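A.B. asks: Let me give you the structure first, and then I'll get to my questions.
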Amino acid sequence: PDKQNHSAPPPLDFEEAATFAATLAKATLEKPPEPGVLLNVNIPNRGEPAKGVKVCRLGYSDWSQSVHKKLDPRGRPYYWIGGDRKGVDNIVDSDNSCVNDGFISITPIHYDLSDHRSFDYLRNLELSDYPRVGDDLGDNVLGYPAHPKFAKTK
């Protein structure tokens, strides 16, 4: 069932967001996450304090299709892509569901978007006359950090 509140949202109040951001910044400075990990934080704006903090997975947002051509202050065209969110994803412990239920969500994310589960599929895909060249990726999620900027030298 769609639990999204379709009434007008309460006025924006960033006090709780600012307070929580300062608390989280202090905590992560004292105990940093692994290199390459980013924290995606969402704080509900419901006109009442958050019920608590939950560690979440990324959810899925379905947006109505909307593309608007606009002009910037110098008269150059740009495109505003967006629209209205259509419902809640109903994924257990997703950031969307938790925020909708009144919790602050924290989702650890990283910039390696490789689908490690698909390496074997691609290795076995028939690509006609193109020779297969081996790789050293293995079948498991690569260890941190995946980006050479953060890698320790041998």
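A.B. asks: Within region 55-68, which residues are modelled with pLDDT of 80 or more and open to solvent by 70 Å² or more (accessible area, probe 1.4 Å)?
C.D. replies: V55, R57, L58, Y60, V67, H68
A.B. asks: Say whether the condition of being part of a strand (DSSP E or B), in contact with a His (Cβ under 9 Å, 6 or more places away or on another chain) and farther than 16 Å from N42 by Cα is met by at least one residue in region 60-77.
C.D. replies: Scanning region 60-77, I find no residue that is part of a strand (DSSP E or B), in contact with a His (Cβ under 9 Å, 6 or more places away or on another chain) and farther than 16 Å from N42 by Cα, so the answer is no.
A.B. asks: Separate question: Do you know which residues across region 15-32 are open to solvent by less than 60 Å² (accessible area, probe 1.4 Å) and touching a residue at least 12 places away in the same chain (Cβ under 8 Å)?
C.D. replies: Those that are open to solvent by less than 60 Å² (accessible area, probe 1.4 Å) and touching a residue at least 12 places away in the same chain (Cβ under 8 Å): A17, F20, A21, L24.
A.B. asks: Restricting attention to region 77-108, which residues are surrounded by fewer than 14 Cβ atoms within 10 Å (Cβ to Cβ) and among the hydrophobic types (A, V, I, L, M, F, W, C)?
C.D. replies: Once the filter is applied, which keeps residues that are surrounded by fewer than 14 Cβ atoms within 10 Å (Cβ to Cβ) and among the hydrophobic types (A, V, I, L, M, F, W, C), region 77-108 yields W80, I81, V92.
A.B. asks: Read through the list (1) in contact with a Gly (Cβ under 7 Å, 6 or more places away or on another chain); (2) free of Cβ contacts under 8 Å to residues at least 40 places away in the same chain, then give the number of the only condition that Y111 fails.
C.D. replies: (2)
The values are calculated or read from the model by the stated rules, or taken from the named source; none is laboratory data. The structure presented is a predicted model; accordingly, all values stated were derived computationally and were not measured. Heads up, the Cβs are rebuilt from the backbone with ideal geometry, glycines too, and the neighbour counts pull from every protein chain shown. The accessibility values were calculated without ligands, DNA or RNA, using every heavy atom of the protein model including side chains. Shrake-Rupley method; radii C 1.70, N 1.55, O 1.52, S 1.80 Å.
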